[in-house]
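Visitor: If you scroll down you'll find the structure; I have some questions about it.
The values are calculated or read from the model by the stated rules, or taken from the named source; none is laboratory data. Source: prediction; values computed, not measured. Reconstructed Cβ throughout: ideal geometry from the backbone, glycine too, with neighbour counts over all protein chains shown. Note: areas computed on protein heavy atoms with side chains; ligands, DNA, RNA excluded. Shrake-Rupley method; radii C 1.70, N 1.55, O 1.52, S 1.80 Å.
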Amino acid sequence: MTADAPPELVQLLTPEGERVEHPDYDIDLTPEEVRSLYRDLVLVRRIDLEAVALQRHGELGIWASLLGQEAAQIGSGRALTDDDMAFPTYREHGVAWCRDVDPVKLLGLFRGVNHGGWDPAEHNFHLYTIVIGSQTLHAVGYAMGIQRDGGDGATIVYFGDGASSQGDVNESFVWASVFNAPIVFFCQNNQWAISEPIEKQSRIPLYRRANGFGFPGVRVDGNDVFACLAVTRQALKNAREGQGPTLIEAFTYRMGAHTTTDDPTRYRVASELEAWKLKDPIERVKAYLFKNELADQEFFDAVDAEAEKLGADLRRRCVEMPDPTPMAMFEHVYSSEHRQLDEERTAYAGYLEGFES
Amino acid sequence: MTVLTLSKALNEGMRKAMEDDSKVLIMGEDVGKLGGVFRVTDGLQKDFGEDRVIDTPLAESGIIGTAIGLALRGFRPVCEIQFDGFVFPAADQIITQLAKMPMRALGAIKLPIVVRIPCGGGIGAVEHHSESPESYFIHTAGLRVVACSNPADAYSMIQQAIQSDDPVIFFEPKRRYWEKAEVDTGSTDWWAPFDQAQVVRQGSDVTLLAYGPMVKTCLEAATAAAEEGRSMEVIDLRSLNPLDTGRVFESVRKTGRAVVVHEAPVTGGFGAELAARITEQCFYHLESPVLRVGGFSTPYPPSKLEEHYLPDLDRVLDAVDRAFGY
Ligand SMILES: Cc1ncc(C[n+]2csc(CCOP(=O)(O)OP(=O)(O)O)c2C)c(N)n1
Ligand SMILES: [Mg+2]
């Protein structure tokens, strides 16, 4: 392959909902499994839309929408086994769904009631990481741990196209390669890092960077849930079997703003979004189900009703989320007592009491 | 005179610096087309082009490291770090290279680089977006560290920082970006040296020492205290390294009491440095120990709790009361 060869893209389901073959990847899904993927996609989009609405109503400080990236997240997330460990950025609400993290727990960070909200070990899903790229090194270290304690799983780490420029991410590639760590680097290239298009980060398709580090890279249609599932499954299997890391570049699109505080009209043209809407990750699965008579209207209605209920439930539970008490600030900073902090806590409690009397 | 917000004043200041000196460059994440997430560089790329206003790859160490190279080649980069919490990936380049290279070259190298950092809390943000990391840089010899608190200072100080032949860490109080005031952009007669502190309110009973976002808080506290007959002098330090000790000591010797206010945690914070210097130099004038009001010795809390973490008028007045209790 020459450096300027056109990038190859693994696709198993076209935007029109046609199943296509790929020489290296295939997937055999029962109708039930396809319906289940469809349900996942619809429900996580609904969670996301609800969160955006909650932010608009002042219930969340900010929200980072996954709109458009559902297939990349559900496909890769459903490729994980219970033993696998996932390290997300701040946008992996779909992966969180696959790891059985209660959606309301995702809201805590964005509502400003906590910095995390779930126990990573309980879900094999690490906390969200806001500092771009940091988690890639944690993930490689975790994978090195699996190598050393004889665990069964592999590790997957999520990051963005922008993150691919960070030193930490490049160091994580070196580490993973040198130690042949059981890890999958899952880069969602959603074409944008806030206002900067991918051209500001890379002159070559991102998946090709892997070659230089000594492990395989593959670009997958990030809006194709079948392909994302197949490619990630294979990469995780390779990792578990001792074949080391893989970089997966999920080629997708951030359909919404970077976050609810961003205004993408300042830096990108509307026609780009329109073009990507035709590649919607959910519509193609729906078309596939319809065409092949794997689901009827009753099924689609039921999923919609479930999404409606999930949204309403999330809304209610978000608003009901209790505010932290001021004293919570002093908790968990250290694992055991700490003189100065304890003094500050006592003094501040006394200070607050002064207002009550 | 024009009325400018603090962010627009910075923008106008940078624009002026770019017009005056073709070697001045702007670089950072999203500073070009978007004009920065706070719009501080709004319109500059449109007017000065992509060679002078550079949307960089997403890597803070890269931003500072390449700025050093550009400076070696005679340019004067003004680097934006998008949020305070993201300066740490650049800490290596700032602390090990930027701060020390000129001295290693026995003065043969100058690194006229400005690192702009929106700092502080109070905007309801998620973690790493509300930090006050000034102490790390004050602690590092070779860096000038300044903080603006109002539009006029923002306008003049950013230009002075760009003109300085030393690296300057330039803190911008993000929750004050939208504060408005009159700025005289037509003359430089009113400019004070950017390493000089300013007495922003005269008083006789106690000196409040603040910088950046806390200056406004202290001024409000002084107004409230005046109603109760207590006269507070408020000093906007503006420069944290070097420190304008002359003005600080003069004020404290007059009032006999000093309270330092900053958002950064008190532990190992700049208040400790001030307290030590004041105690050494004004010992016989002090009626009470120098007291500090600042963030707690905890990570910056989730935003629902930030009003507890951040010093406010009540906590400043409480400290003043305690100072009078000695
Ligand atoms: C170290 C660091 N620098 C800057 C930021 C501010 N920031 C938040 S998201 C973002 C862009 C990230 O782009 P990408 O990696 O493509 O992920 P996406 O948001 O598109 O999912 C930036 C610059 C940050 N969070 N961390
Ligand atoms: Mg991106």
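Visitor: With N set to the number of residues, divide the alpha-carbon radius of gyration of chain B by 2.2 N^0.38 Å and report two decimals.
Guide: Normalised Cα radius of gyration, chain B: 0.97.
Visitor: Which aspartates and glutamates have a Cα lying under 15 Å from the Cα of residue A:286, excluding residues fewer than 8 positions away in the same chain?
Guide: Leaving aside aspartates and glutamates fewer than 8 places away in the same chain, those within reach of residue A:286 are A:16, A:18, A:32, A:33, A:40, A:70, A:224, A:296, A:298, A:301, A:304.
Visitor: For helix A:281-291, report the angle its Cα long axis makes with the longest principal axis of the Cα atoms of chain A; keep it between 0 and 90° and round to the nearest 10°.
Guide: Tilt of helix A:281-291: around 50 degrees.
Visitor: Specify the angular offset, from 0 to 90 degrees and rounded to the nearest 10, of the alpha carbon long axis of helix A:225-240 from the longest principal axis of the alpha carbons in chain A.
Guide: 80
Visitor: Right, here's the next one. Could you give each residue of the range A:90-101 its phi-based ³J(HN,Hα) in whole Hz, using Karplus coefficients 6.51, -1.76, 1.60 with θ = phi - 60°, and x for Gly or Pro?
Guide: For the range A:90-101, the Karplus-derived couplings read 10, 10, 8, 5, x, 5, 4, 4, 5, 8, 6, 7 Hz, x marking Gly and Pro.
Visitor: How tilted is helix A:134-149 with respect to the longest principal axis of chain A? Cα atoms for both, answer in degrees (0 to 90, nearest 10).
Guide: Relative to chain A, helix A:134-149 is tipped by roughly 80 degrees.
Visitor: I've got another one for you. Can you compute the FRET efficiency between residue A:293 and residue A:342 using 1/(1 + (r/R0)^6), with r the Cβ-Cβ distance and R0 = 60 Å? Round to the nearest 0.05.
Guide: It comes to 0.35.
Visitor: Enter the accessible area of residue A:329 (Å², nearest 10), with the probe set to 1.4 Å and all protein chains included.
Guide: Spelled out: residue A:329, probe radius 1.4 Å, area about 10 Å².
Visitor: Same structure again: Each residue of the range A:323-338 in order: what ³J(HN,Hα) in whole Hz does its phi give by Karplus 6.51 cos²θ - 1.76 cosθ + 1.60, θ = phi - 60°, with x for Gly and Pro?
Guide: For the range A:323-338, the Karplus-derived couplings read 6, x, 7, x, 5, 4, 4, 8, 8, 6, 6, 10, 7, 9, 4, 9 Hz, x marking Gly and Pro.
Visitor: Okay, moving on. In a GNM of chain B with a 10 Å cut-off on Cα contacts, which of B:14, B:101, B:157 has the highest mean-square fluctuation?
Guide: Highest fluctuation among the options: B:101.
Visitor: Working from the alpha-carbon coordinates of the range A:47-153, get Rg over Rh, Rh being the Kirkwood radius. It would help to have the intermediate numbers written out before the result.
Guide: Numbers: Rg = 14.3 Å, Rh = 14.5 Å.
Taking Rg over the Kirkwood Rh, I get 0.99.
Visitor: Residue A:309: which lysines have alpha carbons under 19 Å from its alpha carbon, excluding same-chain residues fewer than 8 sequence positions away?
Guide: A:105
Visitor: Once you have all Cα-Cα distances for the protein assembly as shown, histogram them in 10 Å bins from zero and send the whole-percent values.
Guide: So the P(r) values, bin by bin, are 3, 14, 23, 24, 18, 11, 5, 1, 0, 0.
Visitor: Using only protein heavy atoms and a 1.4 angstrom probe, determine the accessible area buried between A and B, summed over both sides, in Å² to the nearest 100.
Guide: 3300
Visitor: Sticking with this structure for a sec: Give the long-range amide H neighbours of residue B:240: residues separated by 5 or more places, or on another chain, with amide H under 5 Å away, using H modelled in the peptide plane at 1.01 Å from N.
Guide: Excluding prolines and chain starts, which carry no amide H, the hits are B:145, B:146, B:147.
Visitor: Collect residues whose amide H, placed 1.01 Å from N in the peptide plane, falls under 5 Å from the amide H of residue A:63; neighbours closer than 5 in sequence don't count.
Guide: Excluding prolines and chain starts, which carry no amide H, the hits are A:260, A:261.
Visitor: As a test of the definition: which semi-axes, in Å, follow for the range A:243-336 when you take the square root of five times each eigenvalue of its alpha carbon gyration tensor? Largest first, please.
Guide: 36, 25, 20
Visitor: Which residues' amide hydrogens lie under 5 Å from the amide hydrogen of residue A:12, considering only partners 5 or more residues apart or on another chain, with H built in the peptide plane?
Guide: Hits under the 5 Å cutoff: A:227.
Visitor: Output the peptides A:13-19, B:230-236 sorted from most to least packed, where packing is the average of other Cβ atoms within 10 Å over each peptide's residues.
Guide: Most protected by this proxy first, the peptides run B:230-236, A:13-19.
Visitor: Kindly rank A:234-246, A:182-194 from highest to lowest mean number of other beta carbons found within 10 Å of each residue.
Guide: A:182-194, A:234-246
Visitor: For peptide B:56-69, how many partner chain Cβ atoms fall within 10 Å of a residue's Cβ, on average?
Guide: 4
Visitor: In addition: Cross-link list B:100/B:174; B:23/B:216; B:254/B:304; B:46/B:174; B:16/B:110: which exceed 31 angstrom alpha carbon to alpha carbon? It would help to have the intermediate numbers written out before the result.
Guide: Details: B:100/B:174 29 Å; B:23/B:216 35 Å; B:254/B:304 40 Å; B:46/B:174 24 Å; B:16/B:110 22 Å.
Flagged as over cut-off: B:23/B:216; B:254/B:304.
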